[in-house]
Amino acid sequence: MEINREQTLSIFCELVDRLRSKREFEIIEATYSRLRKHGFISSVEDFIDGKLVEGSIEEALLFRFHLAFMKSRTVDNFLEPDEVKGTPCTLEELGKLF
């Protein structure tokens, strides 16, 4: 049984979704780089510029990569205030506040 390009891209869509939910951004970036290196997918920039076939599985995959990259930047740039660092916060403690 031979797997076609559309099926392969569909598998990558699911993979990126799962990795993004687990914040495995390095793996996502490595996967994207490898797929781009071998010319298997277009760039995220092409997705952003609307150069892909609307509704295609490649567009769906690049959308997922784009979401992961944006989430990665958000997580990397998140600054935790000094007064919050190391402060335990349980549901019980939150209940006391509200």
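Restricting the stretch 1-50 to trypsin sites (Lys or Arg not before Pro) that sit in a DSSP loop and have at most 16 other Cβ atoms within 10 Å of their own Cβ leaves LYS22, ARG23. In the stretch 5-79, the ratio of gyration radius to Kirkwood radius, Rg to Rh, stands at 0.96 when only Cα atoms are counted. Where in the stretch 1-31 is the amide nitrogen less than 16 Å from a point lying 7 Å along the Cα-to-Cβ axis of VAL53? It comes to 4-10, nothing else.
Applying the Karplus relation 6.51 cos²θ - 1.76 cosθ + 1.60 with θ = phi - 60° to the stretch 5-16 yields 3J(HN,Hα) values of 4, 4, 5, 4, 5, 4, 4, 5, 4, 5, 4, 5 Hz, where x marks Gly and Pro. When PHE65, PHE40 are sorted by how many other C-beta atoms sit within 10 angstrom of their C-beta, beginning with the fewest, the order is PHE40, PHE65. Backbone geometry of the stretch 55-72 corresponds, through the Karplus equation with coefficients 6.51, -1.76 and 1.60 at θ = phi - 60°, to 3J(HN,Hα) couplings of x, 6, 5, 5, 4, 4, 5, 5, 4, 5, 4, 4, 4, 5, 5, 5, 5, 4 Hz, x marking Gly and Pro. Relative contact order (percent) for the stretch 5-79, with alpha-carbon contacts under 8 angstrom and 6 or more residues of separation? Computed value for the stretch 5-79: 40 percent relative contact order.
FYI, it's all coordinate maths here, none of it is from the lab. On a predicted model such as this, the values are computed, not experimentally measured, just so you know. A quick note on method: Cβ atoms are made from the backbone with ideal geometry, for glycine too, and the neighbour counts reach across all protein chains shown.
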